[in-house]
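What follows is a set of notes on a single structure, which appears directly below.
Any read-out appearing in this document is the output of simple, stated calculations on the displayed coordinates, not a laboratory observation. What you see is a predicted model, and the numbers here were worked out from it, not measured in a lab. Here Cβ is always computed from backbone atoms with ideal geometry, including for glycine, and neighbour counts include all displayed protein chains.
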Amino acid sequence: MEPIKTIELDDDSLHWIEVGYQSCSVNPAIQRLLNEKGSLTQQLIDVSNNRFRVQTVELAWRNLLGDDLRKLFGPVARSHKFWSRKTVLLCDSRPAVLAHSLMPAHAAESALGQVLELGEQPLGEYLFSHSGLKRVAVQFAQSEQGFWGRRSIFYLDSKPILVAEFFLPGEILNRLLRMTAD
């Protein structure tokens, strides 16, 4: 399998659309998928008949360059570190979703600190196992490659983690679209 170019949340070419904004450029089936509230991990497990795994691409502490991205976390200094986790979600050994999550350093002092130890375990499985999980700020964007994605901020113990997921074209996306059409 050739290397996959991951999605970078600091990429200025991504123009995020608020959920309530109706855009004629977003296919209604894709829009339903992007609006799904449940665990994408569980959906991918279901559509791949349990042949799902996470491939880690990057695990690193870093600074966020973009002011707009930092503002999503409230007032955060330029020097503040964020845990960056880039993964490829595989179904039937084929890339299905490019994911990138960012968590501010202070959130690692809460239950979200476990995210640092996930390795190739699914982030969604961990997050959705907590009853106090809250999801806000769902937005959509289309990458330069034409992949539609979404980003959400999840709060666990009042601490944030930003999760972005971009859906790659192919059979798994088609299965997800059929699943959300029902």
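So for the range 1-138, averaging the separation of alpha carbon pairs under 8 Å that are six or more residues apart and normalising by length, what relative contact order in percent results?
On the way: 151 pairs, mean separation 36.5, N = 138.
Relative CO of the range 1-138 lands at 26 percent.
Using a Cα distance threshold of under 24 Å, what count of lysine pairs results for the range 1-152 when pairs must be 8 or more residues apart or interchain?
Lysine pair count for the range 1-152: 10.
Sorted from fewest to most neighbouring beta carbons within 10 Å, what does the list 93, 39, 131 look like? Display every interim value, and only then the final one.
Details: 93 11, 39 18, 131 5.
Going from sparsest to densest Cβ surroundings: 131, 93, 39.
In the neighborhood of residue 84, defined by Cβ-to-Cβ distances under 11 Å, what is the net charge if each Lys or Arg adds +1 and each Asp or Glu adds -1?
Summing Lys and Arg as +1 and Asp and Glu as -1 gives +1.
Within a 10 angstrom radius of the beta carbon, how do 57, 88 rank from fewest other beta carbons to most? Intermediate values should be presented prior to the final figure.
On the way: 57 16, 88 20.
Least to most surrounded, the residues fall as 57, 88.
Mind checking which of 172, 93, 30 is farthest towards the positive end of the range 17-181's charge dipole, using Cβ charges of +1 (Lys, Arg) and -1 (Asp, Glu) about the Cα centre?
30
Within a 10 angstrom radius of the beta carbon, how do 56, 180, 87 rank from fewest other beta carbons to most?
Fewest-to-most ranking of 56, 180, 87: 56, 180, 87.
Which whole-angstrom value gives the distance between the alpha carbon centres of the range 85-118 and the range 166-182?
After rounding, the separation between the Cα centres reads 21 Å.
About the Cα centre of the range 1-150, what is the dipole size in debye to 20, counting +1 per Lys and Arg Cβ and -1 per Asp and Glu Cβ, all else neutral?
Working: 16 positive and 17 negative charges, 53 e Å.
Computed about the Cα centre, the dipole is about 260 debye.
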